[in-house]
Amino acid sequence: MTKHLISYCAIDWYEDELRKNGLQLEKIIKDMGVDGIEQFIYTLDPKPNAYKDLTVGVHLHYWPYWMDFWLKKAKRLKMQFRNIRERNKYFKDAMSCDEWLSVIRRNIGAAVAQEPEYLVWHVSEANSEEIFTYEFNYSDREVLTASADVFNAVADEIPAHIPVLFENLWWPGLRLTDVRNVRYFFERIQRKNVGIMLDTGHLMNTNLRLKTEAEGADYVCKVYEKLNECKDLVRGVHLSCSLSGAYQRNFNHQIPSKLTPELVWEHVTSIDQHKPFQTKAAKQILDTIQPEYVVHEVGCESMLDLCAQLPIQLEACK
């Protein structure tokens, strides 16, 4: 039976939102009729009483840009960070690849402490300039090779009974649009009990012609069917709607003169819209894939907004 979850991160912003509005996460879950949360855990140490009883899955920390660090491309690294302090902060004080692997291990430890049913691991790479120019330094195969190497180096930190579900993005890496690359990646994974967390919004971002939810659902289902024998790897779905083709076609593919975190966030969220499905397109996707887990990744301005948006998608799944 499919478990329906909502994504949540126990950071100050979310926690303050709950307190400010007199809300309790437990009550939201009960009122929505979902089974729990997929918790984003970006810390390196376990947090006591951090919704352990509600947590079904855990999304591990994700570094959008990391290949230059892993491959020791010092000149390219210097171009991305203003100083060594900024770089250290980004990689959580890791000064070498071995130290970064230790950071990842600690993050895994914090996640496993929640006793989740599964973990989610992003497979992608793009720096803050490439996401504007779309001129990527690394190919899908290069990102997949390096991602497998990083994962294999820390996989023994994960208890054997916990599956790791690799998530697709629309940047170079695991896009899911070419089954040959999917096979290539999983052939290099040296751990059993792995699979795919298929993110519908991320997949829709790879097709700039999509204009409607119906077109988006048809595309997701067609890509899924073309995975052939790899379809069995898909165990979960991150469900949201993203119809950003017009934006991706029309924005100025130039590096902004002042590249701020706020500008990067605005750009990324304009592409990856995280809107709730409002039609039976959502049900079509779930009926086709029949996942074990559905995580409703709906974007929101506040927790009250989330409570208003979630029922729209939940109803569309029925």
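Overview of values
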item	result
Filtered residues of the stretch 93-115 (kept if closer than 13 Å to ILE41 by Cβ and either in a loop (DSSP other than H, G, I, E, B) or in contact with a helix residue (DSSP H, G or I) (Cβ under 6 Å, 6 or more places away or on another chain) (or both))	ILE104, ILE108, ALA113, GLN114, GLU115
Within the stretch 116-140, tally of residues that are open to solvent by 10 Å² or more (accessible area, probe 1.4 Å), closer than 18 Å to PHE151 by Cβ and either in a strand (DSSP E or B) or small (Gly, Ala, Ser) (or both)	2
Subset of the stretch 42-75 (residues that are touching a residue at least 12 places away in the same chain (Cβ under 8 Å) and among the hydrophobic types (A, V, I, L, M, F, W, C))	LEU44, ALA50, LEU54, VAL56, VAL58, LEU60, TRP63, TRP66, MET67, PHE69, TRP70, LEU71
Helices (runs of 4 or more DSSP H) wholly inside the stretch 197-298 containing at least 2 residues that are closer than 13 Å to LEU176 by Cα and more than 15 Å from the chain's Cα centre (by Cα)	213-225
Filter result for ASP31 (among the charged types (D, E, K, R), under 30 Å from ASN181 (Cβ atoms) and outside any loop (DSSP other than H, G, I, E, B))	no
Unique residue being closer than 23 Å to GLN290 by Cα and in contact (Cβ under 8 Å) with a residue 24 or more places away in the chain when the list is GLN80, GLN39	GLN39
Residue list for the stretch 94-112, filter: out of contact with any Lys or Arg (no Cβ under 8 Å at 6 or more places or on another chain) and in contact (Cβ under 8 Å) with a residue 60 or more places away in the chain	ARG106, ASN107, GLY109, ALA111
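The values are calculated or read from the model by the stated rules, or taken from the named source; none is laboratory data. Quantities reported herein were computed from a predicted structural model and do not represent experimental measurements. Neighbour counts run over all protein chains shown; Cβ positions are idealised from the backbone, glycine included. Just so you know, the surface numbers come from the protein's heavy atoms only, side chains and all, with ligands and any DNA or RNA stripped out. Shrake-Rupley method; radii C 1.70, N 1.55, O 1.52, S 1.80 Å.
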